[in-house]
Amino acid sequence: MATTRKYATPTSSTSVATVGKDYLIYLNTGETEATPTWTLLGGQRSGDLSRKADSIDTSNKTSGGWKSTLAGLREWSIDLESVVILNDAGALFLEDAFNDGQLVEVKFEYPDKKYRTGWASITDLSLSTKYDDAATIKGTLSGNGPLSALTSPTTP
């Protein structure tokens, strides 16, 4: 007979790692930014959020022989890969926006449902159809302006 075992749960003082499968990408398929309709990009395998800043060299004769740098213009992007799911509303919207040269509003959601939003141009959208693997779309959403601060979801 199997014994039912109780497992300890982490306390608030314990650090808990997260897994990549719990980070999701949504697209605003609604008609306005004020009342977005967030549509999940289906079949996600990865969604890598990258934030960078230009490096501005501020070295001078009095910096003791060491380089000195400041952060310049900042940018963000999301590299994504999704399994092709026929008639997926998010993927169809992304393809239409790419074909029309339109910006998309994107939401990058964390496992605790907090999120960041921003406007992006679709600078890469590729379809991979290997004979021995699932068909996938890969793309890059390049930020147009700032990415929002981490925002908590609103409770109804």
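So here's what we get for this one:
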quantity: Listed residue pairs exceeding 25 Å between alpha carbons, taken from Lys107/Lys130; Lys6/Lys113; Lys52/Lys130; Lys21/Lys52; calculated: Lys107/Lys130; Lys6/Lys113; Lys52/Lys130
quantity: Segments 32-40, 119-127 sorted - mean Cβ within 10 Å per residue, highest first; calculated: 119-127, 32-40
quantity: Where only alpha carbons of the chain are counted, the Rg and the Dmax (Å); calculated: 20.5, 78
quantity: Linear extension gain, Thr18 paired with Val84, 0.36 nm per residue minus alpha-carbon span; calculated: 21.2 nm
quantity: For the range 63-145, convex hull volume per residue from C-alpha positions, Å³; calculated: 181 Å³
quantity: Ellipticity estimate at 222 nm from DSSP helix runs (n ≥ 4, -39,500 (n - 2.57)) divided over the chain, nearest 500; calculated: -2500 deg cm²/dmol
quantity: Theoretical FRET efficiency, 1/(1+(r/R0)^6), r = Cβ-Cβ of Arg45 and Asn99, R0 25 Å, to 0.05; calculated: 0.65
quantity: Residues of type aspartates and glutamates that Lys138 reaches as a straight line, Cα spacing below 13 Å, ignoring anything fewer than 8 places off in the same chain; calculated: Asp48, Asp79, Glu81, Glu95, Asp124
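Since every read-out is calculated from the coordinates, none of them should be taken as a lab result. Quick caveat: nothing in here was measured; it's all calculated off a predicted structure. When we count neighbours, we look across all protein chains shown, and the Cβ atoms used for this are built from the backbone with ideal geometry, even at glycine.
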